[in-house]
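Just below is one structure, and these are the notes that go with it.
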Amino acid sequence: MSNLTSCKACAEQIIFLKTKNNKTIPVNFSSVSSVEKEFAAIGKEFPFVYGRHISHFATCTDSDKFRKSSKSFFPLSTCYFSLTSIN
Ligand SMILES: [Zn+2]
């Protein structure tokens, strides 16, 4: 299963990556390397790299809406959190 999706606000392609603090954040798929794109295609996880990957929070054209209700915009991340807390 892949974490690849698109932003509900601006429709840009995004992927959910884990930071070293174990937080899952939406990242612009365009900032992901070609090797990582292959990982994404087969559902393999790779971590967020600060300074290389671009957080979608920073570039979303509709970020106001985004901040107000990030949970409803990203149901996948909510789901992912509940899955990891079971383990
Ligand atoms: Zn967006």
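The values are calculated or read from the model by the stated rules, or taken from the named source; none is laboratory data. This one's a predicted model, so the numbers in the text were calculated from it and none came from an experiment. Backbone-built Cβ (ideal geometry, glycine too); neighbour counts: all protein chains shown.
Looking only at the range 46-56, count how many residues are surrounded by fewer than 14 Cβ atoms within 10 Å (Cβ to Cβ) and out of contact with any Leu (no Cβ under 7 Å at 6 or more places or on another chain).
Taking the range 46-56 first, the residues surrounded by fewer than 14 Cβ atoms within 10 Å (Cβ to Cβ) are 47, 50-52.
Those left that are additionally out of contact with any Leu (no Cβ under 7 Å at 6 or more places or on another chain): 50-52.
Qualifying residue count for the region: 3.
For residues that are of a type in the set (A, V, I, L, M) and within 16 Å of THR61 (Cα to Cα), scanning just the range 1-27, find the one that is surrounded by the most Cβ atoms within 10 Å (Cβ to Cβ). First the steps, then the outcome.
Start the filter on the range 1-27 by keeping residues that are of a type in the set (A, V, I, L, M), which leaves 1, 4, 9, 11, 14-15, 17, 25, 27.
This time we only want the ones that are within 16 Å of THR61 (Cα to Cα), so: 9, 11, 14, 27.
Working: ALA9: 17, ALA11: 10, ILE14: 28, VAL27: 25.
Ranking the qualifying residues of the range 1-27, first place goes to ILE14.
Given the criteria more than 13 Å from the ligand (Cβ to nearest atom), surrounded by fewer than 12 Cβ atoms within 10 Å (Cβ to Cβ), modelled with pLDDT of 75 or more and hydrophobic (A, V, I, L, M, F, W, C), does ILE86 qualify? Give the derivation first.
Numbers: more than 13 Å from the ligand (Cβ to nearest atom): yes; surrounded by fewer than 12 Cβ atoms within 10 Å (Cβ to Cβ): yes; modelled with pLDDT of 75 or more: no; hydrophobic (A, V, I, L, M, F, W, C): yes.
Considered against the rule, which asks whether it is more than 13 Å from the ligand (Cβ to nearest atom), surrounded by fewer than 12 Cβ atoms within 10 Å (Cβ to Cβ), modelled with pLDDT of 75 or more and hydrophobic (A, V, I, L, M, F, W, C), ILE86 comes out as no.
Contact list please: Cβ distance under 6 Å, first residue in the range 11-35 and part of a strand (DSSP E or B), second residue of a type in the set (Ser, Thr, Tyr) and more than 12 Å from the ligand (Cβ to nearest atom), pairs at least six apart or on different chains.
Hits for this filter: PHE16/THR24; PHE16/SER77; LYS18/THR24; THR24/SER77; THR24/TYR80.
Any residue that is more than 17 Å from ASN3 (Cβ to Cβ), modelled with pLDDT under 95 and in contact with a strand residue (DSSP E or B) (Cβ under 9 Å, 6 or more places away or on another chain) - is there at least one of those in the range 28-44?
no
Can you say whether SER69 is modelled with pLDDT under 90, polar (S, T, N, Q) and surrounded by fewer than 14 Cβ atoms within 10 Å (Cβ to Cβ), as far as the supplied structure shows?
Numbers: modelled with pLDDT under 90: yes; polar (S, T, N, Q): yes; surrounded by fewer than 14 Cβ atoms within 10 Å (Cβ to Cβ): yes.
Yes, satisfied.
Collect the residues in the range 3-19 that are within 7 Å of the ligand (Cβ to nearest atom) and of a type outside the set (A, V, I, L, M), keeping them in residue-number order.
The answer is CYS7, CYS10, GLU12.
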